[in-house]
Amino acid sequence: MHFRSFSLLSTSLLFAATLLTSCDDKDPGPTQPGTLDIEIDHFVGQLPLVLNTGSYSTPAGDEFTVSTFRYYLSNFTLGKVDGSTYLVPESYFLVDEAKAESKAFTLDKIPAGDYTSLSFVIGVDSTRNVSGAQTGALDPINNMFWTWDSGYIYTKLEGTSPQASNGGLIFHIGGFKKPNNTIRTVSPSLKGATIQIRPSRTPAVHLQTDVLRLFSGVNTIRFATTSDVMGGANAVRIADNQAAGMITVDHVHAN
């Protein structure tokens, strides 16, 4: 009798363990991490940005074309309604109009939950500016780096304008030291949407970047007087314009 009771107990425990394992396989639970896709389109006002052949006008009336447009986005942070936040580790991306694949990327290993805000840096944080040789998006080979003392070029726009003194436009926005710090953190409105991170779905945030907002907004930039910028006080003025609304959320895909 004692041996039979022990055998029945062992069988029951084995069945319970098997049942629990089966449930775990079918339902990973809400604590499993998920991913978020970021998709970006570039515009000049209401017009799509077209390199080299597109002709545009600033709100102040200056005409220009664009041959190069690239910029860093980094330190993506998601926030919940309770005020808690999650910083996505190693989230550094170089967005380049000349490389379509760079305008779509994925943030992974995000804790499951409902997030009501999204923020990120236009540029590269000061720590990474002085962290020595790096790889990937931060590799100096990407031609977005000055020196270890001056750091990264956060935004690079080059082109032409008949209003510019020499006909050319060079805007290299960077700098991480006062008084010419051009690192800007932005939190574009999600327009009431919630980013639901789950292991079973991949939501997407669709961003729009407006080139005109480099030259208008907080500060009006006229090419007759400001057409060759490589850091410094004018870079700060343009960075303030960028922070004031260069990047907006067009819509959020739930899945």
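Restricting to region 147-165, count the residues that are at pLDDT below 95 and over 25 Å from Ala133 (Cβ atoms).
The total comes to 1.
All but one of (1) part of a loop (DSSP other than H, G, I, E, B); (2) touching a residue at least 24 places away in the same chain (Cβ under 8 Å) hold for Gln196, so report the exception by its number.
Gln196 satisfies every listed condition except (1).
Can you pull out the residues in region 167-191 that are within 18 Å of Ser55 (Cα to Cα) and open to solvent by 20 Å² or more (accessible area, probe 1.4 Å)?
Across region 167-191, the qualifying residues are Gly167, Gly168, Ile170.
Can you name the residue in region 91-133 that is farther than 24 Å from Thr202 by Cα and polar (S, T, N, Q) and is also most open to solvent (accessible area, probe 1.4 Å) among such residues?
The selected residue is Thr127.
In region 51-68, is there at least one residue being buried (at least 16 other Cβ atoms within 10 Å of the Cβ) and under 26 Å from Lys177 (Cα atoms)?
The answer is yes; a qualifying residue exists.
Residues checked against (1) part of a loop (DSSP other than H, G, I, E, B); (2) in contact (Cβ under 8 Å) with a residue 60 or more places away in the chain; (3) more than 21 Å from Ala164 (Cβ to Cβ):
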{"residue": "Ile40", "(1), (2), (3)": "no, yes, yes"}
{"residue": "Val50", "(1), (2), (3)": "yes, no, no"}
{"residue": "Thr65", "(1), (2), (3)": "no, yes, no"}
{"residue": "Tyr72", "(1), (2), (3)": "no, yes, yes"}
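For region 144-155: of the residues being in contact (Cβ under 8 Å) with a residue 12 or more places away in the chain and surrounded by fewer than 22 Cβ atoms within 10 Å (Cβ to Cβ), which is farthest from Gly232 (Cα to Cα)?
For region 144-155, the residue satisfying everything is Trp148.
For region 208-236, enumerate the residues that are touching a strand residue (DSSP E or B) at 6+ places or on another chain (Cβ under 9 Å), open to solvent by 20 Å² or more (accessible area, probe 1.4 Å), not hydrophobic (A, V, I, L, M, F, W, C) and not in a strand (DSSP E or B).
Of everything in region 208-236, those that are touching a strand residue (DSSP E or B) at 6+ places or on another chain (Cβ under 9 Å), open to solvent by 20 Å² or more (accessible area, probe 1.4 Å), not hydrophobic (A, V, I, L, M, F, W, C) and not in a strand (DSSP E or B) turn out to be Arg213, Asn234.
The values are calculated or read from the model by the stated rules, or taken from the named source; none is laboratory data. For clarity, every value in this text was computed on a predicted model and none was experimentally measured. Cβ: placed from backbone, ideal geometry, glycine included. Neighbour counts: every protein chain shown. Side chains included, ligands, DNA and RNA excluded: accessible areas come from the protein's heavy atoms. Shrake-Rupley method; radii C 1.70, N 1.55, O 1.52, S 1.80 Å.
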